[in-house]
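This report concerns only the one structure given below.
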Amino acid sequence: MALVMAVFSLYLMWKSAELPIGWIPGKGPGGGAFPFWLSLGMLACCVAIILRWIARASPPSRSTEPFMTPETFKWFLLVAGSLTAMIALIHVIGVYGAVPLFLIFYVRFLGRHSWTTAGALAICTPVATFFFFEIALKKTLPKGFTEPLFYPLYDIFL
């Protein structure tokens, strides 16, 4: 899996480098900066995992058990399906609607945490994301049909 993820990281770095990956004076990070540097970090982690696997330095690298049990595969499908649904919803209700729905599903129903924890994350994460991307970095994220709701915030902060 680390080999597959390493190849995927290289692909993402290559595609991200089609856009500027550095800092653009007066504008902030280039359009490819976050994907490129996150992919580089992911590649570094994959290389570390591969080296530990070759050296048989961790219990999973010495294990002869199956990579995925039927129970693990069920959880994989639940997480992958919910992420796919979230990505699809971004184009309809925007990031600030899709992310809270995903967090509530993931934290409350899959993670079995309290409604308080799920609600706090579902509220705080989009707010922090808004201020980080939209205000600090001046990078707009997709808002879908909810975009008019953000006009007053733009008037206040921009």
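The values are calculated or read from the model by the stated rules, or taken from the named source; none is laboratory data. Every value quoted in this text rests on a predicted model; they were computed, and no experiment measured them. Cβ sites come from the backbone with ideal geometry, for glycine too, and all protein chains shown count toward neighbours. Accessible surface is based on the protein model in full, side chains and every heavy atom, while ligands, DNA and RNA are left aside. Shrake-Rupley method; radii C 1.70, N 1.55, O 1.52, S 1.80 Å.
Considering only the range 21-58, state which residues are open to solvent by less than 90 Å² (accessible area, probe 1.4 Å), modelled with pLDDT under 95, more than 25 Å from PHE76 (Cβ to Cβ) and not aliphatic (A, V, I, L, M).
Scanning the range 21-58 gives GLY22, GLY26, GLY28, PRO29, GLY30, GLY31, GLY32, PHE34.
Just one of (1) out of contact with any strand residue (DSSP E or B) (no Cβ under 7 Å at 6 or more places or on another chain); (2) touching a residue at least 60 places away in the same chain (Cβ under 8 Å); (3) open to solvent by less than 60 Å² (accessible area, probe 1.4 Å); (4) not small (Gly, Ala, Ser) trips up LEU137, so point out which.
(1)
When you scan the range 93-113, how many residues do you find that are more than 14 Å from LEU149 (Cβ to Cβ), part of a helix (DSSP H, G or I) and over 17 Å from the mean Cα position of the chain (by Cα)?
3
Starting from the range 56-83, keep only residues that are in the same structural domain as LEU103 (by TED's automatic domain parsing) and within 24 Å of VAL95 (Cα to Cα), then list their pairs with residues that are at pLDDT 95 or above and open to solvent by 60 Å² or more (accessible area, probe 1.4 Å) whose Cβ atoms are within a distance under 7 Å, requiring at least 6 positions of separation or different chains.
Pairs that qualify, where the first residue is in the same structural domain as LEU103 (by TED's automatic domain parsing) and within 24 Å of VAL95 (Cα to Cα) and the partner is at pLDDT 95 or above and open to solvent by 60 Å² or more (accessible area, probe 1.4 Å), are SER82/PHE105; SER82/TYR106.
Would you confirm whether or not the range 97-104 contains a residue that is without any contact (Cβ under 8 Å) to a residue 24 or more places away in the chain, open to solvent by 70 Å² or more (accessible area, probe 1.4 Å) and in the same structural domain as THR146 (by TED's automatic domain parsing)?
Yes; the residues of the range 97-104 include at least one that is without any contact (Cβ under 8 Å) to a residue 24 or more places away in the chain, open to solvent by 70 Å² or more (accessible area, probe 1.4 Å) and in the same structural domain as THR146 (by TED's automatic domain parsing).
Between ALA88, ALA48, which is under 23 Å from LYS139 (Cα atoms) and free of Cβ contacts under 8 Å to residues at least 12 places away in the same chain?
Exactly one of ALA88, ALA48 is under 23 Å from LYS139 (Cα atoms) and free of Cβ contacts under 8 Å to residues at least 12 places away in the same chain, namely ALA88.
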